[in-house]
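First comes the structure, then the notes that go with it.
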Amino acid sequence: MEFKLIIKKLNDTITEEENIQFESWYQESQRHRDYFEHVKNNYSDSINDIDIDKDAAWELLEEKIKASQNQTSSYWKYAVAAMVVILLSVPVFTKLLKESSSSQEFVTTKILPGVDKAILTLDDGTQIALENGANYEKENIVSNGEKIVYKSQAKKNNVVVYNTLSIPRGGEFSMELSDGTKVQLNSETQIKYPVNFIKGRTRQVELVYGEAYFEVSSSDENEGSKFFVLNNSQSIEVVGTKFNVKAYKDEDFIYTTLAEGKVQVESENGTFLLEPGEQTVFNTKTKEISKTITDVYAELAWIDGDFMFNKKPLLDIIKVLSRWYDVDFVIQGESIKHQKFNGQLSRKQNLEIILELIKTTEKLESYEIKGKTIILK
């Protein structure tokens with residue numbers, strides 16, 4: 001669901017048709033209801049703190065963008081300044097950005113956001129490209145290019161056959177396993193899983209690397225069989241719950257975040273039972289593991305099509321952006337690497353918009369785009 005419907009709901013400007021879409025999303029899960037309340041509280045606080053004419057501000061911003069399509073984008077700074085806000089430190093600004101970013105008038109850039117795409121590797125090594133608009137069907141496997149679904153087979157044998165789904169940089173994909181478990185996969189992610197589970201036996205998948213959000217079918221629906229997610233010297237035991245695992249190859253830590261239910265995270269140096277709102281942090285080098293309280297909304301923002309940064313240094317932010325936009329970053333100057341930012345931004349907008357917004361903080365002097373390489377100065 002588009003973020004702007006939430007804003008329209010809060011402002012009581014939502015149409016009857018839009019409200020039906022909103023209510024469907026709202027009733028879908030407790031996480032959606034909690035997310036709405038979270039936005040509602042922050043949105044109200046922000047509006048009370050800032051007195052701006054958002055329509056006039058965005059009208060000015062659009063005019064400046066149109067006027068500068070063939071020039072440098074220095075006009076952005078003045079448009080943002082006119083709103084009397086500073087990028088990424090004022091929640092209402094990022095909400096206005098998200099509300100307006102779907103307008104075609106903002107598409108003045110070159111580097112587009114990620115799309116639905118994946119590579120399916122069958123048990124015999126055959127690889128199939130899955131992408132939007134391309135359907136694929138074989139035996140119990142069906143894909144519409146946005147999602148892949150494994151149907152439970154009536155006739156099964158005791159041989160477990162595995163498939164692998166790989167999401168490249170600049171991509172994302174959804175899947176439903178044969179037991180009804182739903183998985184949403186972020187960019188630069190690979191997961192290995194059985195084509196069909198054997199009832200009553202342990203269900204087990206491997207997150208080879210990357211980030212995945214799981215909504216696990218309960219053991220009650222699978223003759224008591226437990227569900228495990230394996231990754232890099234740790235295992236996660238699930239009864240029936242919703243959780244996120246982030247385990248990228250270029251990062252030294254694996255984060256397991258629980259949204260609903262209970263999971264048990266086990267490694268050679270410790271075992272932790274997580275409650276909702278808790279997270280384990282596993283160090284892949286030292287093998288140490290710890291448990292902490294975390295901001296679930298920030299950790300799961302990518303599922304709702306957002307970036308959310310809480311005091312994140314630029315060095316960490318560009319890792320996220322490089323995966324989603326399939327680009328490489330070069331930072332010139334040590335000082336800006338550790339500059340920290342806060343904010344919530346849409347993943348559906350082009351990269352240059354985000355770069356220009358970061359630039360308005362004046363922590364970043366300039367940037368240069370050379371093909372797929374972004375140079376930050």
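The values are calculated or read from the model by the stated rules, or taken from the named source; none is laboratory data. All values reported here derive from a predicted model rather than from experimental measurement. No Cβ is skipped: glycine too gets one built from the backbone with ideal geometry, and neighbour counts run over all protein chains shown. Areas reflect the complete protein model, heavy atoms only, side chains present, ligands, DNA and RNA absent. Shrake-Rupley method; radii C 1.70, N 1.55, O 1.52, S 1.80 Å.
Here is how the numbers come out for the structure above:
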{"read-out": "Bridge type composition, region 129-183 - antiparallel percent by DSSP, nearest 5", "value": "75 percent"}
{"read-out": "Taking region 141-284 and dividing mean pair separation by its residue count, relative contact order in percent (alpha carbons under 8 Å, at least six apart)", "value": "15 percent"}
{"read-out": "Spread of Cα-to-Cα distances over 10 Å intervals beginning at zero, given as percent, for region 295-377", "value": "16, 56, 25, 2"}
{"read-out": "Gained length - residue 368 relative to residue 264, 0.36 nm times residue gap less alpha-carbon distance", "value": "32.9 nm"}
{"read-out": "Extended-chain gain in nm, criterion 0.36 nm per residue less alpha-carbon gap, residue 221 and residue 271", "value": "15.4 nm"}
{"read-out": "Region 336-377 - percent of accessible surface contributed by carbon and sulfur, probe 1.4 Å", "value": "44 percent"}
{"read-out": "Pairs beyond 31 Å (Cα-Cα), from 138/199; 182/249; 246/377; 182/370; 40/110; 242/285", "value": "182/370; 40/110"}
{"read-out": "Solvent-accessible area per residue, Å², over region 335-377 with all protein chains present [probe radius 1.4 Å]", "value": "43 Å²"}
{"read-out": "Value of relative contact order over region 291-377, rounded to a whole percent, pairs C-alpha under 8 Å and six or more apart", "value": "32 percent"}
{"read-out": "Chain lengthening between residue 37 and residue 377 when straightened (0.36 nm per residue, less Cα-Cα)", "value": "118.5 nm"}
{"read-out": "Solvent exposure of region 169-303 as accessible area per residue, Å², 1.4 Å probe", "value": "39 Å²"}
{"read-out": "Point-to-point label distance, residue 24-residue 310, nm (Cα→Cβ direction, 7 Å offset)", "value": "3.2 nm"}
{"read-out": "Separation in nanometres of the label points that stand 7 Å from Cα toward Cβ, at residue 328 and residue 284", "value": "1.9 nm"}
{"read-out": "Kirkwood-Stokes translational diffusion coefficient of region 118-228, alpha-carbon pairs, 4 °C, 1.567 mPa s, µm²/s", "value": "92 µm²/s"}
{"read-out": "Rough spin-label spacing in nm, given labels placed 7 Å along Cα→Cβ, for residue 338 and residue 293", "value": "2.8 nm"}
